Amino acid sequence: MPDGRIITVSSDSTVKVWRDGACERTIQAHTGIVYAVAVLPGGARFVSVSEDGTAKLWTLDGALERTFEVGSFVICVAALPDGVHFVVGLSAGEVRLYHVDGTLVHTFTGHTDLVCAVAVTPDGQHIISGSEDKLVKVWRVATKSLVSTCAGHTSEVRVVAAMPD
């Protein structure tokens, strides 16, 4: 983050905000394991996701802005560069795009198992998802459609990343 802060999550259901190696804040964030966190562009807010079936939007000072009741384990999260959208991967095999105002923008379906990883291209045009179904899928945000499926892994896909170009 621009001001040197780091945000971490843990299986103890907490989110911690750190600065210069010291814990600045501990947030009792969820009622289950917290799997991931994504900082929204601008650095003032972040989203945490958990096995408790929720995604939560927070300010850096620990104030909860909104809870998104997803209804399935939420495994991963990534922020879009517009600062008002984020995407989550679910145990139900779905990828969901949300607006920070609470609106579910779209549910991308096509994976047949838990979605372990999501990433967004730097231009915000595409979402990439990886799953325990051994597939990687690329989705176009504007048309809410599947662009391509990458098959070839022999085990679950745990992490995906978008190249800067």
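Below is a table of values for the structure above.
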{"quantity": "Eligible aspartates and glutamates near Lys56 by straight Cα distance, threshold 12 Å, same-chain separation 8 or greater", "calculated": "Glu65, Glu69, Asp101"}
{"quantity": "Relative packing of peptides 51-60, 35-44 - highest average C-beta neighbours within 10 Å first", "calculated": "51-60, 35-44"}
{"quantity": "Extended-chain gain in nm, criterion 0.36 nm per residue less alpha-carbon gap, Arg19 and Leu64", "calculated": "14.2 nm"}
{"quantity": "Per-peptide average of other Cβ atoms within 10 Å, ordering 143-153, 75-85 highest first", "calculated": "75-85, 143-153"}
{"quantity": "Contact order normalised by residue count of the chain, Cα under 8 Å, 6+ apart, percent", "calculated": "12"}
{"quantity": "Cβ-Cβ FRET estimate between Gln28 and Asp113, R0 fixed at 35 Å, reported to 0.05", "calculated": "0.70"}
{"quantity": "Whole-number accessible area per residue in Å² for the range 4-103, which is evaluated in the context of all protein chains at 1.4 Å", "calculated": "40"}
{"quantity": "Cα shape, the range 11-60, gyration tensor, a/c 1.5 rule", "calculated": "oblate"}
{"quantity": "Global geometry of the range 70-165, whether rounded, prolate or oblate, following the gyration tensor of its Cα atoms and the 1.5 cut on a/c", "calculated": "oblate"}
{"quantity": "Two-decimal log10 I(q)/I(0) for the chain, as the Debye equation yields it once each C-alpha is a single scatterer, q = 0.16 Å⁻¹", "calculated": "-0.87"}
{"quantity": "Inter-label distance for Thr143 and Val159, nm, one decimal - labels placed 7 Å from Cα along Cα-to-Cβ", "calculated": "3.2"}
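The values are calculated or read from the model by the stated rules, or taken from the named source; none is laboratory data. The structure displayed is predicted, hence computed values, not measured ones. Note: ideal-geometry Cβ built from the backbone for every residue, glycine included; neighbour counts use all protein chains shown. Side chains included, ligands, DNA and RNA excluded: accessible areas come from the protein's heavy atoms. Shrake-Rupley method; radii C 1.70, N 1.55, O 1.52, S 1.80 Å.
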